[in-house]
Amino acid sequence: MPTKRAYELMIIFDSDAQDASVEDRLKQVTTLVAADGGTVATVDKWGRRRFAYEINKKTEGIYVVVEITTPASNLDAVDRVLRLADETVRHKIIRLPEGEARRRGLRGAPAAAG
């Protein structure tokens, strides 16, 4: 089995998106991650935030940060779904360094403070 790694996924949804469509998209992401043995550790909904600059003639969006632990073979499907979704303004998937993943409790024991 491939090694699982920790990732952080930030999604910015259109400010006009309905709460139900945002929840449906998050459920779809969770399902895709779980399909390959991954897990969604946390879903942190930041709510509406103002953009630093206008994007697609909008000035604000709904921010959500998702922490994922997965072998990464399913991240292409997640990326594709978010890229094609009308309510997604932007999204970014980053792999967390091992020390940060341990500190957040996503991989093994938390690193000792020092």
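The values are calculated or read from the model by the stated rules, or taken from the named source; none is laboratory data. As the structure is a computational prediction, the values presented were derived from the model and not from experiment. Heads up, the Cβs are rebuilt from the backbone with ideal geometry, glycines too, and the neighbour counts pull from every protein chain shown. For accessibility, only protein heavy atoms count, side chains too; no ligands or nucleic acids. Shrake-Rupley method; radii C 1.70, N 1.55, O 1.52, S 1.80 Å.
The numbered conditions (1) more than 23 Å from ARG107 (Cα to Cα); (2) part of a loop (DSSP other than H, G, I, E, B); (3) open to solvent by 70 Å² or more (accessible area, probe 1.4 Å) are all true for GLU54 except (2). Scanning segment 3-54 for residues that are in contact (Cβ under 8 Å) with a residue 60 or more places away in the chain and under 12 Å from the mean Cα position of the chain (by Cα) turns up ALA6, TYR7, GLU8, LEU9, MET10, ILE11, ILE12, PHE13, ARG25, ALA41.
Taken together, GLY61, GLY47 contain a single residue that is in a strand (DSSP E or B), at pLDDT below 95 and under 19 Å from GLN18 (Cβ atoms), which is GLY47.
Here ASP86 meets the list (1) closer than 19 Å to ASP24 by Cα; (2) outside any loop (DSSP other than H, G, I, E, B); (3) in contact (Cβ under 8 Å) with a residue 12 or more places away in the chain almost entirely, failing just condition (2).
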